[in-house]
Amino acid sequence: MVTEEYDSSYDVDIDELFISMRTDLNRHMSQAEDRANGNRCCLICKIVHRIRLTDRTAYEPSALAIGPYHHADPPLQAMEMEKWICLHYILDLNRDVRLRDYLSLISGLEKEARCYYTEEISMDSREFLQMLLLDSCFILVYLGRINAQGASVGGEQLKENRAYERKKEPTELSQINTACCPSVSGHSAVDIELNQFVKDPEGSPDQGICSGTVEWYNSSAVYDLLLLENQIPFFIVKTIYLFFSCNVTTTSLLTDSISEFMEGILYHFPKVLTEANRPKDFYHLLHLCHKYLKPSHNLEDDHHRYAANFHCLHFIFDISRKIFTFGRVQGMSHDQNMFHELDWSNSVQKFNRWRRAVDYHEAGMQFKKREFDEAKPHSLLDIRFRNGLMEIPCLPIDDKSSLLFRNLVAFEQTCPQVGDDITAYVVLLSQLTSTAADVTLLSQKGIIVHQMESDEDVSTLFTKLFEYVVFNFNGEHYLKSLCYAMEAHYQSRINRWMAWLWHNHFSNPWVGFAAIASAFIVVCSIMQTVLAFLSYME
């Protein structure tokens, strides 16, 4: 019997492995602890592979990279020039603050900024700080419209800067924190790239920021700013703004400009938030977008009020039925009752989905576009249901709708603290529009206005949005009371009978007139028979 010789080259140095694993364990636990203590909500995560496969283009930027996840993607490098031009412009706005000062400022925030990302960032400190500064300057100039806010940085100083000769001393731009940005031949790496991108230091800042080869605001780069993977913590942007504007009291000018930009993106959606109550505190741009689409607070009260009224009607009907059927019901089994009793207490618990729009329509429910009232504005998610009439705000659908809703749902799925309002809305629409016939019905009512090739494409869009979404129908979502009221209306036999009568006999005016005439003839015949019988008895 031949015995195989053991190869000692496969021996593992346990001590070395122990040290390596202990180091990695301490690093990961430290990151987890920092994330838990510093930022419990609104993390910036990467979409898991399985969900990404449903629509890769909805989660990955096509023109503009913000943040570390897609920073080095080759197709996105064309927009990097715009970031360097924005940095040059920010430096020109306040010459008292140098590039080294900005880097030193955000270097103290690096640890907190890294905690916003669920994935471990492989970028070193130099690259990470440079990315934060460039992306923040881009957001300040284009979204915050710093180029138009002379007052926010000091109007007199801005005028002096534009009249001042724009040549800087080489040493003024070279004094960078060498620990973060190693120097090359006496100049920092950031300086070399800045001078490479900004070719015309004599030109005005307004000309500089428009010198890019791509009009990004007319491209899909606008929607790249709303991708979950394409975000940076907004507190970095605010810190840089306060630093160069010398305004330590408020950031309202900045947040108002960012909010106004978001309103421009969402201009075709109804919104509760107005200029007077714009959000002042948000974690990143997608979080701001989420705030604009939140439902109003009084919506659930309306649903509860309708459900309570329906409770009363059902109670009165149930008591009346028991009184008039007393004596007969004792000899009948529960299954032989002429009325099917709806178990109110368990209906919501047993019901685990909404139904198709066509099914509700056949049960007598009416759909109507909710008109926007500027005196009492409503959100896109403010769906109202009263007395069998369901009012849904108009929803425009185009090729970017899937991108927006997918990222908002992903944001809620990965950050439960912000709620699940968008998810509940998407689940409702995905089930209301299960087929092309449902989309056709809602389109005829003006609720859905789409630019897709067919109604089937709209149905497919919402069906795919629901894939891999975790949603508890019996949880405390904002549409729970609405679901309760809709199912109660659907289960009512009176509503279904009246709907059948209307759809089959009164939908056409002539058919309705014939039905009324027939009923009138029958009544007259009965009265004639009764009168003849009474005259005969006399």
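What is the calculated FRET efficiency for residue 444 to residue 526, with r their C-beta to C-beta distance and R₀ = 41 Å, to the nearest 0.05? That pair, residue 444 with residue 526, gives E of 0.50.
Compared with the direct C-alpha span, the chain from residue 220 to residue 537 gains 105.3 nm at full extension, assuming 0.36 nm per residue.
If the chain between residue 267 and residue 369 were fully stretched, how many nm would it gain, using 0.36 nm times the residue separation less the Cα-Cα distance?
Gain on stretching residue 267 to residue 369: 35.0 nm.
Each of residue 435 and residue 451 was given a label point 7 Å from its Cα along the Cα-to-Cβ line. The distance between the two points is 3.0 nm. Residue 386 to residue 19: FRET efficiency via 1/(1 + (r/R0)^6), r the Cβ-Cβ distance, R0 60 Å, to the nearest 0.05? With R0 = 60 Å, the Cβ-Cβ based efficiency is 0.30.
Loop only per DSSP, at most 13 neighbouring Cβ atoms within 10 Å: give me the trypsin sites (Lys or Arg not before Pro) in segment 357-441, ordered by residue number. Qualifying residues, ordered by number: none. The stretch between residue 276 and residue 73 holds 69.1 nm of extra length on full extension. This uses 0.36 nm per residue minus the Cα-Cα distance. Within segment 62-92, find all residues whose amide N lies under 11 Å from a label point positioned 7 Å from the Cα of residue 122 along Cα-to-beta-carbon. Those under the cut-off are 72.
What FRET efficiency comes out for the pair residue 101/residue 26, r = Cβ-Cβ distance, R0 = 51 Å, nearest 0.05? In this case the efficiency is close to 0.95. Give a quick list of GluC sites (Glu not before Pro) in segment 432-494 that DSSP marks as loop, anything other than H, G, I, E or B, with at most 16 other Cβ atoms within 10 Å. Here the GluC sites (Glu not before Pro) that fit, given the DSSP loop and packing criteria, are 453, 467, 476.
Only the coordinates and a few stated rules stand behind these numbers; no lab work does. In this text the structure is predicted, and so the values were computed from the model without any measurement. Counting neighbours? That spans all protein chains shown, and the Cβs are built from the backbone with ideal geometry, glycine included.
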